[in-house]
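The values are calculated or read from the model by the stated rules, or taken from the named source; none is laboratory data. Predicted model only: the values in this text are computed from it and were never measured. Counting neighbours? That spans all protein chains shown, and the Cβs are built from the backbone with ideal geometry, glycine included. Heavy atoms of the whole protein, side chains included, go into the accessibility calculation; ligands, DNA and RNA do not. Shrake-Rupley method; radii C 1.70, N 1.55, O 1.52, S 1.80 Å.
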Amino acid sequence: MKTAIQRGWYFLAASPPVVLVAVFIGFPIAVTVTYTLGHLGGANSAISSIALHQVSSHGRLATFGAYSSVLTSHSFLEDLVATVWVTAASVGLVLVLAWLVALYGRLADTRIARLLTSFAVVPLFIPVVIGSYAILQFWSYGGLVKTLAHAVGLPGFPALGYTLGGVVLAEVWVSLPFAVLMIGSGLRSIPDSAFDAARDAGASVARATWTVLLPMNLVPTIIATSFTGISILGSFTVPYLVGPTSPNLLGPDAAQTFQSFNEPQQAEVIAMVIFALAIVVAVPYLWATYRSNNNAPGAA
Amino acid sequence: MQAKKWRKMSGRGARVLLAGGMLGAGALSATVAGAAASSVAPRKSSGPTGTITVFSQGDVNVQNLWTNTLIPRYEKSHPGDHVKFVFSTSSSENSVVFDELAASAKAHKNSVYDIVDGAVPAEAAAAKLLTPVTPAEVPLMKEINPNAFKVVNGEAIPLRGSEVLIAYNSQAVPNPPTTLDALLAWIKAHPGQFTYCNPADGGSGSAFVQAVLAKYTPAADNLKMALGYSPKSESSWSAGLAELKSLTPDIFQQQYPNSNQGVMTLLASGAVSMGAVWSDQATTALHNGQLPKSIKLTELTPPLAGGPDYLGVPSNVSATEKALAFQFINWTLQNPQQVGIVRAMNGTPAIEFQYLPKSIAAEFASYSSSPELPYSANTDSDMNSKWQSTVG
């Protein structure tokens with residue numbers, strides 16, 4: 001039983017990061033929300049003095065004019081659809097690949113297996129902007145892939161540079177290491193005996209994986225899913241460099257709306273949409289961490 | 001970027017406005033030689049001494065101009081003076097600096113920067129954040145074409161200039177089009193052989209888009225949109241936007257490069273035969289071999305947009321720093337510095353050719369005497385937005 005004094009000390013220890021987040025992230029978010037709702041004065045007066053096409057609440061509590069202008073725009077809706085499917089496809093691919101790599105590392109305890117799991121982490125050490133540009137060059141028209149395909153008589157082979165398919169490819173490259181680390185370490189913590197017992201009872205490897213390893217590794221998988229999904233939803237560098245002019249993901253869309261169209265209010269509305277999507281993706285994560293905290297040794 | 005439409009001009013990093021008569025027709029006149037010899041050796045200044053802070057943004061060529069040419073020469077010729085240089089290759093930094101100017105002026109505090117270069121001055125002048133320039137502070141402004149001051153309300157001074165030209169592969173295209181209509185017809189007749197960059201990402205793309213929009217817009221409205229913000233005039237853009245949209249199937253890969261440099265990369269690899277490029281960036285690339293010799297530059301009639309890169313002094317700097325800043329700016333307009341800019345980055349000089357050595361004028365003989373005025377910052381933001389939603 002912890003005393004009140006102990007709890008007080010714990011709270012104090014945690015308070016610097018909490019204060020930091022509240023001041024440098026919480027406050028700007030609150031200001032941004034009021035701006036999207038049409039409050040142009042106060043902390044928003046500097047930005048609103050230079051912005052184009054703003055919607056003002058004229059002293060009323062809120063107006064949703066900026067939201068309706070963005071949410072009904074055809075190009076925004078195209079970008080939204082692109083963001084959702086690119087995120088879903090990338091997350092799905094990342095999970096499948098990360099599971100395959102992690103499973104191989106777990107089941108085949110050979111030098112090659114260990115080498116492969118180490119290689120899967122390499123993208124972590126290559127800056128995103130470098131990796132994206134390399135993928136763009138490699139897969140663009142005139143890149144190595146297209147050139148080789150042409151040489152072997154496949155002139156119709158697609159060039160993924162400047163396409164959403166290329167964005168999916170690059171997002172998988174960027175996201176794979178974290179998922180492999182997360183799912184791989186989860187698999188390694190499952191005792192051999194659980195898997196072996198299922199095998200002894202006559203289950204195939206696939207069946208034992210499906211009924212034993214997957215459920216026991218569910219929490220790390222969900223965490224990997226949420227983190228990968230959130231980072232792809234808000235990604236900028238990959239879609240900016242690799243993606244097409246239009247439709248593209250909401251990250252470059254927001255930046256372009258802010259910078260090139262000089263519409264900060266609309267850009268912040270787009271940011272709110274990304275925020276809302278990220279919350280949806282975060283729900284399973286919150287559930288998983290809550291569950292794993294409750295199941296942790298020593299918890300009530 | 002924001003109130004501001006900063007375009008990313010890789011290679012020049014600056015928003016270009018108007019070109020007025022910078023490349024003036026009278027430039028090649030006989031008065032050239034005499035004036036040239038005047039301000040040769042920089043002298044020890046008798047003006048104030050101290051430190052000024054300069055912000056600039058652009059590609060490495062812009063950075064090199066400041067750190068290898070302008071600043072060392074200035075500090076050498078003005079002992080006791082120092083220039084603190086803040087530079088970003090990312091155009092998004094422009095918005096940070098612009099916001100800083102707007103916020104510090106609003107809060108009645110002194111600006112961090114004493115001189116701003118690149119995309120910021122045009123935007124800041126439109127927002128009345130800069131100090132008006134007078135001949136008392138910058139005597140050499142008399143050597144600059146007066147039109148160059150109109151678009152910035154007399155609040156900024158040209159440092160150098162460039163304009164958007166058509167680059168073409170002379171092996172593939174022996175007879176390049178010389179007018180906009182001929183170019184548009186050529187693009188449709190040669191699918192996949194032409195490209196221009198996203199206007200939001202590069203000024204060369206903006207100039208091409210603007211030219212097509214302007215074709216269907218009354219001249220008076222075009223002038224209004226160049227000198228200020230006139231949302232009503234934008235209604236006449238729809239015909240031009242439709243024309244641009246009809247070009248999309250014939251643009252290389254139906255994708256628009258996201259930088260000026262991207263167009264040059266496609267030209268260099270032979271993927272396209274023609275594209276819209278900045279004069280200074282393309283000339284430099286031709287000199288250093290990034291573009292093959294088979295690439296030639298040509299100007300349309302009437303020419304695409306172009307003009308000067310400006311320097312501005314924020315209105316909220318101390319009197320001492322203001323004096324220092326204008327002393328520096330006047331120095332950049334002296335003959336040796338202007339020639340240095342031409343040599344360092346193939347930009348056109350800010351002062352008229354009659355005040356420069358004859359050989360300089362000859363180098364720019366194929367350029368226009370009056371490139372089109374680019375649209376103002378806010379007009380350009382709207383143009384980018386409409387292009388993205390209808391064409392991109």
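As I understand it, the value is the acute angle between the Cα axis of helix B:203-215 and the longest principal axis of the Cα atoms of chain B; what does it come to in degrees, rounded to 10?
On a 0 to 90 degree scale, this one is about 60.
As a test, work out the antiparallel percent of DSSP beta bridges whose residues both lie in chain B, rounded to the nearest 5.
65 percent
Select from segment B:218-294 those trypsin sites (Lys or Arg not before Pro) which occupy a DSSP coil region and have at most 12 other Cβ atoms within 10 Å, ordered by residue number.
B:293
At 1.4 Å probe size, put A:287, B:387 in order of accessible surface, largest to smallest.
Ranking A:287, B:387 by accessible area, largest first, yields A:287, B:387.
In Å, what is the Rg of the alpha-carbon atoms in segment A:73-295, and how long is Dmax?
20.0, 66
Report the relative contact order of chain A, percent, no decimals, based on alpha-carbon pairs under 8 angstrom and at least 6 residues apart.
For chain A, the relative contact order is 23 percent.
As a quick test, which of the pairs B:128/B:358; B:215/B:322; B:84/B:150 have an alpha carbon distance above 31 angstrom in this structure?
The answer is B:128/B:358; B:215/B:322.
In whole percent, how big is the carbon plus sulfur part of the accessible area of segment B:147-251, probe 1.4 Å, protein atoms only?
So the carbon and sulfur contribution to the accessible surface is 58 percent.
Tell me which chymotrypsin sites (Phe, Trp or Tyr not before Pro) from segment B:144-234 have a DSSP coil assignment and no more than 15 other beta carbons within 10 Å of their own.
B:216
Distance from the Cα centre of segment B:213-272 to that of segment A:200-233, in angstrom?
About 50 Å separates the Cα centre of segment B:213-272 from the one of segment A:200-233.
Given the whole protein assembly as supplied and a 1.4 Å probe, what does the accessible area of residue A:240 come to in Å², nearest 10?
It works out to around 60 Å².
With N set to the residue count of the protein assembly as shown, report its C-alpha Rg divided by 2.2 N^0.38 Å to two decimal places.
For the protein assembly as shown, the normalised Cα radius of gyration comes out at 1.10.
Taking only the alpha-carbon atoms of chain B, what semi-axes of the equivalent ellipsoid follow from 5 times the gyration tensor eigenvalues under a square root, in whole Å, largest first?
Value: 34, 24, 18 Å, ordered largest first.
I'd like to know how segment A:1-66 sits against the 2.2 N^0.38 Å rule of thumb: what's its Cα Rg over that expected value?
Working it through for segment A:1-66, the quotient is 1.72.
Let me know the longest stretch in chain A that avoids all trypsin sites (Lys or Arg not before Pro) found in a DSSP loop with at most 16 other C-beta atoms within 10 Å.
A:61-300
Most mobile of B:142, B:296, B:358 per a Gaussian network model of chain B (Cα springs, under 10 Å)?
Of B:142, B:296, B:358, the most mobile in the Gaussian network model is B:142.
Name the most mobile residue of B:332, B:379, B:51, meaning the one with the largest mean-square fluctuation, in a Gaussian network model of chain B with Cα contacts below 10 Å.
Result for chain B, Cα springs under 10 Å: B:51 fluctuates most.
Quick one: work out the % antiparallel among DSSP beta bridges in the protein assembly as shown, nearest 5.
Of the beta bridges lying entirely in the protein assembly as shown, close to 65 percent run antiparallel.
Would you tell me the mean number of C-beta atoms belonging to other protein chains that fall within 10 Å of each C-beta in B:248-258, as a whole number?
3
Charges on Cβ only, +1 for Lys and Arg, -1 for Asp and Glu, centred on the Cα centroid of segment B:99-185; of B:133, B:165, B:120, which one is farthest towards the dipole's positive end?
So the residue we want is B:133.
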